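Asker: What follows is a structure written as structure tokens; I'll ask about it next.
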Amino acid sequence: MNKIKPRMYYFDNENSTTKMHQDAEMLKFEAKLATLKKANIELNRKNQRALEDRIEMLNKKDYGPIFANGLNHKTLSEIGFLEKTIILEKAIGLGKIGLKDMQTLFDADSSDEIKLAVMETFSKLKFSDEKEKTEALDYLERVGKYFSGNIYFDGDRASDEIDEAYLKGLSLDWSEGKDAEQMIITSAIVRISEIAEKDDVTRRLLGIFENTGFEQKDNLEDSDKDSDQKNIITKGSMFLNERGELAHSDDKEWYDLRYYERRYIVQLLAEKKSQKGIDYFINYLKESDESTVIYRKEIQELLETDTEYTQKKTMEILGGEKLSDKQIFRFVTLMTDMLGDIAMRDRIDREIIQEKIMGGGERLKNLERVRSFFTPSSDKDAILSLQSFYQNNIHFEDYKVNERMNEKEVALLQSLIGKDEKVLEMGCGTGRLISELAKSGRDISGYDYTQRHVQITKKTLEEKNLPTKVFQGDWHNNALKDESFDTVYSLGRNILHDYSIISQVELFREATRILKDGGKFIFDIPAREKATEEELVKLWKKRRHKEYELENQENSKEETEAELEKWEGEALSEFNGYEKMVLKYGLEMKKRGIDNFRFGAIYDSPDGENFATRYAYSPEDIAQLVQIFGFEISEIKKERLATNENDENLYFVLKKKVIN
């Protein structure tokens, strides 16, 4: 055992006693640490001996009765992880199970632990010929593609977890499946490297990585021992000139580079902030058939060095040429990663509106096709302008849901608003609420974004001889005086129309500006408690598993899609109407490869034909806006919403804080 070296103390100043005391405490700590290290080493030795003893005991065990009854997921679920792997190895060695049996065990509705045990013993299989070996490798590749699409992949961590599982020799303790999936894909990759020839290993691993959007670490670099980092840097640097710009634009020279050499070049271009580099890769994304997923992160970083330039060049291509779905997908996913789904959609909407003003043509058709990649129901009409939506498409005076809520909402407002208060309705629609409150003699005004609604409301008020001021206005920015109202309200789930954070901030900022200190801001949102991001992750993983099962059956593409749609409908049936819309939107974005979307966005329609993007707020969203703009939540009331979808409405009453 290493001895701790004693320390010498020289009493040459008044602080020496304190220093000696501190060092004495450090000596105690070091002695304790040395003891713990020794104990830990001994514990690991004990664990290793216990593991060896356990393996020896399990190898001597008679598994004849189990083999006689047939191996299945029920049998395997009753024993620990280590014993699962030993049984499978013995069964393979005795010829009790083969490739098809292992596939059946993996594909069955079994635990992640059984799936990992199958993967861990897969390379023990004896293949009758090259055809069966290829079939096994194809299967492993499919497993890798499926599981890597569900998770952020950390290969190093997963390998450590597997090693720890063997050391324990017990059932594994995983949290919500994520760690398990990391282990399964790691194991599948290792099995491929054990079974396949070297060139085939690289091809198959690229197949797994290119099919997914996760960020791998250095798994592929490790699979190719012929290149080291120095060689990568040398080759990559030769591809650029002294100004850090691409010295070659020949695709053949680009393809002659290995993928990680290409990735290094993209990193260099991003560091140099080269517009010529952006030009090259935007054109490359358009022309190349190569999947760019394996260095998508690096290309995105390059494009983000000049986002305005990138947007301009991208929009020129998206609007100027007829592209294939694959090409559109590349640009849409990269641009959405950079801007987010809301900003990207707004950008395309502005371009479409401008083209319509200019008379349309081929560019308009191209942009509308691009936009369909963002709209969950692309066969329906997508609304570009909210004002036009209600001016020309929707007769909101016939909207039955709000009609059925009218009596309760009028009663609610009358109970909350004093008779002497000065009141404003933002988004008064066709006047269903303002006309009722005006009857009680309250000092009330209202405005709406749509001129048609203003005209209808004015006519209703005139017919009832109610002298109430109604005008066209925008709740993000209007000419109303600061602190001029006691109460501001907007019901009918109006605020859902603001689906971007910027417009939501503008709405709440304007409300707090025109309210007096202590004034009330009343609005409503649908409840969506069960529609959470965690729930979306679970649904997406289940959908991927269902898709994986269907792909292994003899179904046509159309039959598979029909089955998936049926499954999705059944899976969403337990949620209310607005929860369904939130989760369905999320699933649609994920199906299209768009990860950077705002959870809570919905694609909604009052008539089933004309659809607009909206946003179903969460309580956390409201809490943040309340805090930012100096409100406090006075009360929240809940009422059943008349949608026949088990929806509930939350009515928020906010109070503007008094600033001393």
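Asker: Is it the case, given these coordinates, that ASP279 is at pLDDT 80 or above, charged (D, E, K, R), open to solvent by less than 60 Å² (accessible area, probe 1.4 Å) and more than 18 Å from ARG371 (Cβ to Cβ)?
Answerer: yes
Asker: Anything in the range 325-343 that is touching a Leu at 6+ places or on another chain (Cβ under 7 Å) and either closer than 12 Å to PHE597 by Cα or acidic (Asp, Glu) (or both)? List them, or say none.
Answerer: Correct list: MET338 only.
Asker: Which residue, of LYS322, LYS365, is outside any helix (DSSP H, G or I), farther than 21 Å from PHE597 by Cβ, open to solvent by 40 Å² or more (accessible area, probe 1.4 Å) and without any contact (Cβ under 8 Å) to a residue 60 or more places away in the chain?
Answerer: LYS322
Asker: Being open to solvent by less than 10 Å² (accessible area, probe 1.4 Å), at pLDDT below 75, within 42 Å of the chain's Cα centre (by Cα) and at negative phi is true for just one of PHE81, PHE106, PHE122. Which residue is that?
Answerer: Within the list PHE81, PHE106, PHE122, the selection yields PHE81.
Asker: Considering only residues of the range 480-489 that are closer than 12 Å to THR512 by Cβ and either at pLDDT below 90 or open to solvent by less than 50 Å² (accessible area, probe 1.4 Å) (or both), which is nearest to the chain's Cα centre (by Cα)?
Answerer: Filtering first and then ranking leaves VAL488.
Asker: Of the residues that make up the range 575-582, is at least one modelled with pLDDT of 85 or more and over 15 Å from LEU536 (Cβ atoms)?
Answerer: Looking for residues that are modelled with pLDDT of 85 or more and over 15 Å from LEU536 (Cβ atoms), one finds at least one in the range 575-582, hence yes.
Asker: Let me ask you something else. Kindly provide the set of residues from the range 460-479 that are open to solvent by less than 40 Å² (accessible area, probe 1.4 Å) and either among the hydrophobic types (A, V, I, L, M, F, W, C) or more than 46 Å from the chain's Cα centre (by Cα) (or both), ordered by number.
Answerer: THR460, LEU461, LEU466, THR468, VAL470, TRP475
Asker: Further question on the same structure: SER440 - would you say it is modelled with pLDDT under 90 and either open to solvent by less than 80 Å² (accessible area, probe 1.4 Å) or more than 42 Å from the chain's Cα centre (by Cα) (or both)?
Answerer: So SER440 fits the description; yes.
The values are calculated or read from the model by the stated rules, or taken from the named source; none is laboratory data. Every value quoted in this text rests on a predicted model; they were computed, and no experiment measured them. Note that we place each Cβ from the backbone using ideal geometry, even for glycine, and neighbour counts take in every protein chain shown. The protein model used for the area step is the full one, side chains on, heavy atoms only, and it has no ligands, DNA or RNA in it. Shrake-Rupley method; radii C 1.70, N 1.55, O 1.52, S 1.80 Å.
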